[in-house]
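Below you'll find the structure, written out as structure tokens, and then a few comments.
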Amino acid sequence: MPLLPSSLYGLARPFLFGFDPEHAHELTLDGLARTQNTPLACAYAAPRVDDPVTLAGLEFPNRVGLAAGLDKNARCIDAFAAMGFGFVEVGTVTPKAQPGNPKPRMFRLPERDALINRLGFNNEGLDAFLANVQKARFRRNGSGGNRKPMLLGLNIGKNATTPIERAVDDYLACLDGVYPHADYVTINISSPNTANLRTLQSDEALDALLGAIAERRHALAERNRRRVPLFVKIAPDLDESQVAVIAATLQRHGMDGVIATNTTLARDAVAGLPHASEAGGLSGAPVRAASNRVVSQLRAALGPGFPIIGVGGILSAADAKAKMAAGADVVQIYTGLIYRGPALVREAAQALLQSRSAA
Ligand SMILES: Cc1cc2nc3c(=O)[nH]c(=O)nc-3n(C[C@H](O)[C@H](O)[C@H](O)COP(=O)(O)O)c2cc1C
């Protein structure tokens, strides 16, 4: 994780990789939280690439976003804004604070630019999350000149102790809380580390969940006089017919976009490597092919106008372009930031701008 200027991340990485992955992660987030909005933020700040695109009625300043899970408690929004992201998604937040799974629960597979995690939605709960979101200054800071601020996505989930039959209660409680503060809200039904969560992607469960969420959004839109776009985040471990059913269900319930994908349970791409058999979700280069396949199946099922946020295995500018070629409108990164540092944000955003100008 980046704490130093892009060019110096090559030096910082061996230092950070000397720590256990979760410890390195915490050190980095602490550093970012302390230095954001201070002169020390120049250590990781980079000018934002200007490449506006309108999606789901929102103006994204550029096409590269931070994926959910890196800043679960929304502590470092301004630091990520300073790195030049066009949009930042924080969470997953659950209604109540929860510790997540026992440690160790995060592993590096450096041979393949990959991570395995089974964190299990460790987070400080909705109230602490909202307090942090409200402290963020990026909307006031702007990004120089008259440019529009970066967009903020708030990603919601369920507590581990809530029975899956009551999952909808948790999503609605989170939706109520985050709605007034979000540019968009992501319904995360694809973490592999909360028991049965992924069953919410199946036909009837998804239909019931999205029906309840759409109804609540209607009420919230009237109360807040603002219709906040809703995105649904899905897994890469789905076959073409499951993707098609999900696509139809999203459209039927008026969802505004889909985020594809979360981490994978598959291990073929890392078989035999140290940590490959750890339980959890695999991210980074080994999830790229499956994520791109799901993105292209979604595009085929949804048609050209439906927003797709592509995520999974972007480690280079070329990977970001490939995600767009598969059918994504904008992209997000997580594991790429760990392995390549903040330079990847600008590199990818610039490459996407150039490929648009060339088109
Ligand atoms: C350590 C870790 C924690 C994550 N936590 C979340 C989470 O809380 N919510 C979520 O929607 N996705 C979470 N993700 C998934 C990422 O947002 C992303 O979808 C996935 O890692 C694939 O992208 P990548 O290959 O660029 O990492 C997490 C990923 C990692 C590596």
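The values are calculated or read from the model by the stated rules, or taken from the named source; none is laboratory data. As the structure is a computational prediction, the values presented were derived from the model and not from experiment. FYI the Cβ positions are ideal-geometry reconstructions off the backbone, even for glycines, and counts take in every protein chain you see. What goes into the accessible areas is simple: the full protein's heavy atoms, side chains included, and nothing from ligands, DNA or RNA. Shrake-Rupley method; radii C 1.70, N 1.55, O 1.52, S 1.80 Å.
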> When you scan segment 51-159 for strands (runs of 3 or more DSSP E) that lie fully inside it, which ones turn up with 1 or more residues that are within 16 Å of the ligand (Cβ to nearest atom)?
Replying inline: 64-66, 87-93, 106-109, 114-117, 151-156
> How about segment 81-134: which of its residues are open to solvent by less than 10 Å² (accessible area, probe 1.4 Å), polar (S, T, N, Q) and more than 19 Å from Asp170 (Cα to Cα)?
Replying inline: none
>> Pull out all pairs, ordered by first then second residue, where Cβ-Cβ is under 7 Å, the residues are six or more apart or on different chains, the first lies in segment 291-307 and is assigned to a helix (DSSP H, G or I), and the second is acidic (Asp, Glu).
In response: Gln297/Glu240
>> Please pick out the residue among Ala290, Ala279 that is within 11 Å of the ligand (Cβ to nearest atom) and over 24 Å from Val53 (Cα atoms).
In response: Ala290
> Just a yes or no: is a residue in segment 262-270 more than 13 Å from Val232 (Cα to Cα), open to solvent by less than 10 Å² (accessible area, probe 1.4 Å) and touching a Lys or Arg at 6+ places or on another chain (Cβ under 8 Å)?
Replying inline: yes
> Any idea which of (1) more than 15 Å from the ligand (Cβ to nearest atom); (2) surrounded by fewer than 19 Cβ atoms within 10 Å (Cβ to Cβ) is the one Arg299 doesn't satisfy?
Replying inline: (2)
>> Can you report the number of residues in segment 199-237 which are of a type outside the set (Ser, Thr, Tyr), open to solvent by less than 70 Å² (accessible area, probe 1.4 Å) and modelled with pLDDT under 95?
In response: 6
>> I'd like the full set of residues that are under 15 Å from the mean Cα position of the chain (by Cα) and more than 10 Å from the ligand (Cβ to nearest atom), limited to segment 324-343.
In response: Ala328, Asp329, Val330
> Of the residues Asp71, Asp51, which single one is surrounded by 19 or more Cβ atoms within 10 Å (Cβ to Cβ), in contact (Cβ under 8 Å) with a residue 12 or more places away in the chain and in contact with a strand residue (DSSP E or B) (Cβ under 7 Å, 6 or more places away or on another chain)?
Replying inline: Asp71
> For segment 344-359, which residues satisfy the criterion of being within 15 Å of the ligand (Cβ to nearest atom) and surrounded by fewer than 21 Cβ atoms within 10 Å (Cβ to Cβ)?
Replying inline: Glu347
>> Let me confirm something: among Leu282, Leu220, Leu250, Leu238, which residue is within 22 Å of the chain's Cα centre (by Cα) and in a helix (DSSP H, G or I)?
In response: Leu250
> How many residues does segment 304-335 hold that are more than 14 Å from Asn292 (Cα to Cα) and surrounded by 24 or more Cβ atoms within 10 Å (Cβ to Cβ)?
Replying inline: 1
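I'm trying to understand the selection: among the residues of segment 178-190, which are open to solvent by 10 Å² or more (accessible area, probe 1.4 Å) and either touching a strand residue (DSSP E or B) at 6+ places or on another chain (Cβ under 9 Å) or assigned to a strand (DSSP E or B) (or both)?
His181, Asp183
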